[in-house]
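The next block holds one structure in the form of structure tokens; read it before the comments.
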Amino acid sequence: MAITVEAVYENGVLRPAGPLPLKEHEKVQLTVVPAAEAQAPPGPAPRGYGLIPWTGPLEDLDYLIEDEANDPLEGP
């Protein structure tokens, strides 16, 4: 069971913002990420990313991606 909790680092100790669903003296592993980094919004995904899975050769896909800027069907 993985959980994410907010904590404050004070006097060399991490203090959770609330109670944790753990047994007394239970060992855990921690990954510490400063809140400013954890809440950073992800960058924008490429337009249309993930809509249609590509099953053809990668060379054809590269050609289509490179030629997208000159697509006559696209508006300004």
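Throughout, read-outs are computed from the coordinates displayed, never taken from laboratory work. Bear in mind the structure is a predicted one, so any value in this text is a computation, not a measurement. FYI the Cβ positions are ideal-geometry reconstructions off the backbone, even for glycines, and counts take in every protein chain you see.
Here are some notes:
- Residues whose amide H falls under 5 Å from that of residue 7, counting only those 5 or more places apart or on a different chain, are 17, with hydrogens built in the peptide plane.
- Inter-label distance for residue 52 and residue 24, nm, one decimal - labels placed 7 Å from Cα along Cα-to-Cβ: 6.3 nm
- For the range 60-65, 3J(HN,Hα) computed residue by residue from phi via the Karplus equation (6.51, -1.76, 1.60; θ = phi - 60°) reads 5, 5, 4, 4, 5, 5 Hz, glycine and proline entered as x.
- In order along the range 54-59, the Karplus-derived 3J(HN,Hα) couplings, from 6.51 cos²θ - 1.76 cosθ + 1.60 at θ = phi - 60°, round to 8, 10, x, x, 5, 4 Hz, and Gly and Pro are given as x.
- Once the C-beta distance of residue 15 and residue 38 is scaled by a Förster radius of 22 Å, the resulting FRET efficiency is 0.80 to the nearest 0.05.
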